[in-house]
Every structure is written in structure tokens, then in C-alpha cells.
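In what follows, a structure is listed as C-alpha cells, so that the remarks can point back to it.
The values are calculated or read from the model by the stated rules, or taken from the named source; none is laboratory data. No experiment lies behind these values; they were computed from the predicted model shown. Cβ placement follows ideal geometry from the backbone for every residue including glycine, while neighbour counts extend to all protein chains displayed. For the accessible areas, the whole protein counts, side chains as well, though only heavy atoms, and no ligand, DNA or RNA atoms are used. Shrake-Rupley method; radii C 1.70, N 1.55, O 1.52, S 1.80 Å.
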Amino acid sequence: MAVTIRQLSSVDAENYWRFRLEALLDSPLAFASDAEQHRTDGVALTAERLGHPRNWTLGAFVDGQLAGTMTMLIETRVKTAHKAMLVGVYVAPGHRGTGLARELLEATIARARATPPIGQVLLAVTVADPPRARRFYERAGFRTYGVEPRALRIGDEYVDQEMMLLDLRTEPAAAG
């Protein structure tokens, strides 16, 4: 299995747009976005987002096929520029349990560490997610700092989100 991890660009927009739609349909509770809005936003907006100068999306390619993604959104205000938010995390079902997510997370964290002034990375895991997602982030050094009740509304249902933080000022932890 030949794995390549690289930043996606606007050239990847159509491929990433399709991959993201698959993710939203496969795991709707894992994302704040939904499939209908994604369809409405379209490939052009995806290309624009991939071309953002500060934020980035890393893609993991297995034998040339996109198999996993992670997006880092960096705060732009002076007082909050030390924070980044990890979003859009998804590994295709056929590649789960292979270590691909760990490789992708390690690459994402390494890039965050090398991007001043980022000092902490935040993420949200829905309480409805399997516990393995939370444990995966904990092994990488993320710690829970709170729960947001009713963070997402899906139809008439509400889902809580556990908020997690990785302090980049500490020694790197091994993901996985």
C-alpha cells in the first residue's frame, strides 16, 4: 500500500468535493456540514476553500486514490491567532484500521507545530461518535475541556459535542 500525504489545492477540488460528499453521507453525525448544503455549495466553492492562504486540507492518497482528509482552520484575529480547529476528518471505510488516520493526524499536527503562531489545536467529537474516535485523539495528546450540549441539530434530533484541545507547547505525543 503506497501512501502519499499532501496538501490539497484547487486542482483537487472536484475529487475532494466527491470524497467529502461521500463522507457526509456515510457519517452525518461526525460533521457540522450536511450533504445538501455541500451539494449546493458546489465544486467552485470547494476550490476556493482549498485555495485559502492560511487554512489547509491534507489528503492521504493510497495507490493514487484519495482515502482520507483533515482540514485545519486557523483563527485570523490577533488575540485568537494561536488557535486552529481540526475539522473535516474522514477516512474511507476501506482504509480504516490501517494506520492511515494516524499518519494523517501526525502530518497535520507536525504542520501545525511548524506554523507560528499556532499553539493549540481544537476539535469537536460528537458524543454519538464511537468511543474509538475520542480514544484516537486522546492517544495523540488531545484532552477534553468541555461538552457543548445540543451542538448540532440533525432534523429534530440534537447531538452533544465533546470539545478537545491539543497544547502544541508540550512535547509531541504519538498518535494512534
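Overview of results
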{"read-out": "Residue ID - nearest to the chain's Cα centre (by Cα), chosen from residues in region 81-94 that are surrounded by fewer than 18 Cβ atoms within 10 Å (Cβ to Cβ) and more than 13 Å from A30 (Cβ to Cβ)", "value": "M85"}
{"read-out": "Residue check, E75 under 16 Å from the mean Cα position of the chain (by Cα), open to solvent by 60 Å² or more (accessible area, probe 1.4 Å) and farther than 26 Å from V159 by Cβ", "value": "no"}
{"read-out": "Test: L165 is modelled with pLDDT of 95 or more, open to solvent by less than 70 Å² (accessible area, probe 1.4 Å) and in a strand (DSSP E or B)", "value": "yes"}
{"read-out": "Residue check, E75 touching a strand residue (DSSP E or B) at 6+ places or on another chain (Cβ under 8 Å) and without any contact (Cβ under 8 Å) to a residue 24 or more places away in the chain", "value": "yes"}
{"read-out": "Residues of region 1-46 classified as in a loop (DSSP other than H, G, I, E, B), within 16 Å of T69 (Cβ to Cβ) and acidic (D, E), total", "value": "0"}
{"read-out": "Within region 25-44, tally of residues that are open to solvent by less than 50 Å² (accessible area, probe 1.4 Å), aliphatic (A, V, I, L, M) and free of Cβ contacts under 8 Å to residues at least 60 places away in the same chain", "value": "1"}
{"read-out": "Subset of region 112-123 (residues that are open to solvent by 30 Å² or more (accessible area, probe 1.4 Å) and either assigned to a strand (DSSP E or B) or among the aliphatic types (A, V, I, L, M) (or both))", "value": "A114, Q120"}
